[in-house]
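Notes follow the structure.
The values are calculated or read from the model by the stated rules, or taken from the named source; none is laboratory data. Quick caveat: nothing in here was measured; it's all calculated off a predicted structure. Cβ sites come from the backbone with ideal geometry, for glycine too, and all protein chains shown count toward neighbours. Just the protein is used for accessible areas: all its heavy atoms, side chains included, with ligands, DNA and RNA removed. Shrake-Rupley method; radii C 1.70, N 1.55, O 1.52, S 1.80 Å.
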Amino acid sequence: MRETKYWTWFMAAGLLILALLGLHMVVMHLGSLTHLFAAHPDQPSVAQANSQARDASLFFTLSYVVLLGAGLFHGLYGLRVVVFELSLKPAAEKALSALLLVVGLGLFGLGTYAAFAAHGRAAGASPAVASVAGASLAGRS
Amino acid sequence: MWENVAEVREVAFHVTRFTPERDVKPRVQTFQVPVRAGMTVLEGLHYIKENLDSSLVWRYSCRMGVCGSCGMLLNGRPGLACNTQIFDIAGTDLTVGPLPNFDVVRDLIPDLVPMFSKHAGLRPHVVREDAADQDDPAGEYFQTPAQLEEFLQFTYCIKCACCMAACPTLATDAGYLGPMPLAQVQRYNVDTRDGGRGERLAAAGAAHGVFRCHYAGECSRVCPKGVDPAKAIQHLKRQLVLDYLHLARRQKPCAKQHGPGKGTRDPQIPASPPRTIGA
């Protein structure tokens with residue numbers, strides 16, 4: 001049952017990555033065409049002002065945290081499967097699973113902290129940017 | 001294609017030899033075999049044994065692709081020696097070796113015990129919850145042609161181990177259940193007469209079960225009977241995931257309709273002719 005659980009979450013994470021990474025790619029690379037989530041449409045998507053506006057948006061912060069979690073789980077599970085192919089002993093398999101869990105949680109914690117720190121800084125340091133970003137998001141949704 | 005049926009051409013058989021009592025590692029011995037159109041690899045091996053080296057050993061029985069005994073590695077591809085014509089796969093050279101992913105008993109004979117142990121551990125038979133029904137399964141069970149079609153192709157498996165030899169996962173993970181046993185799990189799990197689904201799925205979803213499969217698909221490509229074990233494994237993954245998400249449709253095994261000889265015949269089916277023996 002444990003392997004089934006991992007596999008199910010692996011597939012779900014893949015679907016999440018498809019959706020959220022797709023959104024990321026559209027926002028970043030098709031920004032000049034779509035102006036999607038662009039607080040400053042006159043500037044490129046990767047410009048400092050637009051980037052800061054996205055950081056100030058709670059939707060983007062949460063979506064990146066979810067994307068980070070999905071990416072970490074998907075990637076580390078894939079790594080586990082590949083390494084398990086080396087016919088490890090059960091104790092080594094257990095140790096590797098534990099190590100990957102610790103690494104995954106550590107990286108997720110660090111990434112989440114960084115995302116919320118950036119969100120707090122962008123929203124707090126520049127309320128104007130936040131309000132512009134919020135208005136832009138509201139306007140487009 | 002070989003046009004002239006009467007013509008005979010020499011083909012070099014590069015045969016892997018291994019005698020555990022004598023050899024440290026397998027060696028290759030070459031034999032020149034006169035081959036005519038339509039001749040199978042099995043016939044070529046018989047020619048070697050009768051005329052060139054009587055010590056060569058391999059396993060075979062039916063000579064017509066039914067028993068699954070003569071699985072070998074033919075020019076790098078697992079197949080049955082009895083239903084592989086030499087000119088279909090070779091010009092002047094043919095390599096013949098034992099099936100990979102198994103220990104070798106001698107020469108071309110793989111040790112299939114691990115495969116059959118895995119197979120037996122998955123309860124590859126119809127399981128009935130009722131012990132009396134299990135012990136006396138001679139009655140009739142209602143099953144539609146569509147329900148039969150769900151598992152029919154997997155019943156064609158002859159346990160020749162070609163799929164196991166072609167599996168890249170099994171090559172690195174000897175504990176992996178492998179395509180043949182897993183295909184048989186699917187065969188019985190979708191059989192409407194069966195009640196052993198949960199037990200088999202638990203085994204199939206364990207650490208060395210279906211989720212180790214990479215879907216390389218080689219098992220299905222090499223199967224001499226046209227069975228699709230890769231498809232069976234994907235179906236098993238689907239069943240396991242749906243069970244985990246509580247989305248699987250539960251179906252009770254169909255009941256025995258009646259004991260042998262106690263049924264009533266469909267009036268549209270004509271009566272059988274009178275017995276000629278034991279009347």
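In segment B:172-197, which residues are more than 19 Å from A:Arg80 (Cβ to Cβ) and open to solvent by 50 Å² or more (accessible area, probe 1.4 Å)?
Step one: list which residues in segment B:172-197 are more than 19 Å from A:Arg80 (Cβ to Cβ), which gives B:178-197.
Answer for segment B:172-197, where residues must be more than 19 Å from A:Arg80 (Cβ to Cβ) and open to solvent by 50 Å² or more (accessible area, probe 1.4 Å): B:Arg193, B:Arg197.
Checking the structure you have, find out if any residue of segment B:148-159 is touching a residue at least 40 places away in the same chain (Cβ under 8 Å), of a type in the set (Asp, Glu) and assigned by TED's automatic domain parsing to the domain that holds B:Val15. Don't jump to the end; show me each part of the working.
Taking segment B:148-159 as the starting set, the residues that turn out to be touching a residue at least 40 places away in the same chain (Cβ under 8 Å) are B:150-151, B:153-154, B:156-159.
Add one more test, that the residue is of a type in the set (Asp, Glu), and what stays is B:150.
Filter once more, so that each one left must be assigned by TED's automatic domain parsing to the domain that holds B:Val15: none.
No, there is no match, as no residue in segment B:148-159 is touching a residue at least 40 places away in the same chain (Cβ under 8 Å), of a type in the set (Asp, Glu) and assigned by TED's automatic domain parsing to the domain that holds B:Val15.
Out of curiosity, is B:Cys167 under 16 Å from the mean Cα position of the chain (by Cα), more than 14 Å from chain A (Cβ to nearest Cβ), surrounded by 14 or more Cβ atoms within 10 Å (Cβ to Cβ) and not aliphatic (A, V, I, L, M)? Can you show your working first?
Working: under 16 Å from the mean Cα position of the chain (by Cα): yes; more than 14 Å from chain A (Cβ to nearest Cβ): no; surrounded by 14 or more Cβ atoms within 10 Å (Cβ to Cβ): yes; not aliphatic (A, V, I, L, M): yes.
For B:Cys167, the condition - under 16 Å from the mean Cα position of the chain (by Cα), more than 14 Å from chain A (Cβ to nearest Cβ), surrounded by 14 or more Cβ atoms within 10 Å (Cβ to Cβ) and not aliphatic (A, V, I, L, M) - is not met.
Within segment A:1-34, which residues are aliphatic (A, V, I, L, M), assigned to a helix (DSSP H, G or I) and within 14 Å of another protein chain (Cβ to nearest Cβ)?
Hits for segment A:1-34 are A:Met11, A:Ala12, A:Ala13, A:Leu15.
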Check your understanding: Residues of segment B:154-163 being more than 16 Å from B:Asn83 (Cβ to Cβ) and surrounded by fewer than 19 Cβ atoms within 10 Å (Cβ to Cβ), which ones?
Key -> B:Thr155
Review point. Considering only segment B:192-208, how many residues are within 11 Å of chain A (Cβ to nearest Cβ) and among the polar types (S, T, N, Q)?
Key: 0
Practice item. Taking B:Arg212 as the residue in question, decide whether it is within 14 Å of chain A (Cβ to nearest Cβ), among the basic types (Lys, Arg) and either without any contact (Cβ under 8 Å) to a residue 60 or more places away in the chain or surrounded by fewer than 24 Cβ atoms within 10 Å (Cβ to Cβ) (or both). Key: yes
Review point. B:Leu177 passes all but one of (1) touching a residue at least 60 places away in the same chain (Cβ under 8 Å); (2) assigned to a loop (DSSP other than H, G, I, E, B); (3) within 14 Å of chain A (Cβ to nearest Cβ); which number fails?
Key: (1)
Revision key, fill the gap. Of the candidates A:Tyr113, A:Tyr77, the one satisfying the condition of being within 14 Å of chain B (Cβ to nearest Cβ), assigned to a helix (DSSP H, G or I) and within 21 Å of the chain's Cα centre (by Cα) is A:Tyr77
Exercise for review: Go through (1) open to solvent by 30 Å² or more (accessible area, probe 1.4 Å); (2) modelled with pLDDT of 95 or more one by one and return the number of the condition B:Glu140 breaks.
Suggested key: (2)
Exercise for review: Select from segment A:82-94 the residues that are over 16 Å from A:Glu3 (Cα atoms), of a type in the set (A, V, I, L, M, F, W, C), open to solvent by 60 Å² or more (accessible area, probe 1.4 Å) and more than 8 Å from chain B (Cβ to nearest Cβ) and list them in ascending order.
Suggested key: A:Ala91
Practice item. Check B:Arg59, B:Arg9, B:Arg36 and return the single one that is closer than 29 Å to B:Cys157 by Cβ and surrounded by 13 or more Cβ atoms within 10 Å (Cβ to Cβ). Key: B:Arg59
**Study point:** Residue within segment A:53-66 that is under 26 Å from B:Leu240 (Cα atoms) and touching a residue at least 12 places away in the same chain (Cβ under 8 Å) present
**Key:** yes
Revision key, fill the gap. Going through segment B:246-279 in order, the residues found to be under 17 Å from B:Tyr188 (Cα atoms), more than 14 Å from chain A (Cβ to nearest Cβ) and of a type in the set (A, V, I, L, M) are B:Ala255
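Could you pull out the residue among B:Arg77, B:Arg27 that is at pLDDT 95 or above, within 21 Å of B:Val222 (Cβ to Cβ) and open to solvent by 80 Å² or more (accessible area, probe 1.4 Å)? So that I can check it myself, show each step before the final result.
Working: B:Arg27 fails: within 21 Å of B:Val222 (Cβ to Cβ).
Going through B:Arg77, B:Arg27 in turn, the sole match is B:Arg77.
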Practice item. Might you let me know whether segment B:232-245 holds any residue that is of a type in the set (Asp, Glu) and either open to solvent by 40 Å² or more (accessible area, probe 1.4 Å) or more than 14 Å from chain A (Cβ to nearest Cβ) (or both)? Key: no
Check your understanding: Would a scan of segment A:2-23 turn up a residue that is modelled with pLDDT under 85 and among the β-branched types (Val, Ile, Thr)?
Key -> no
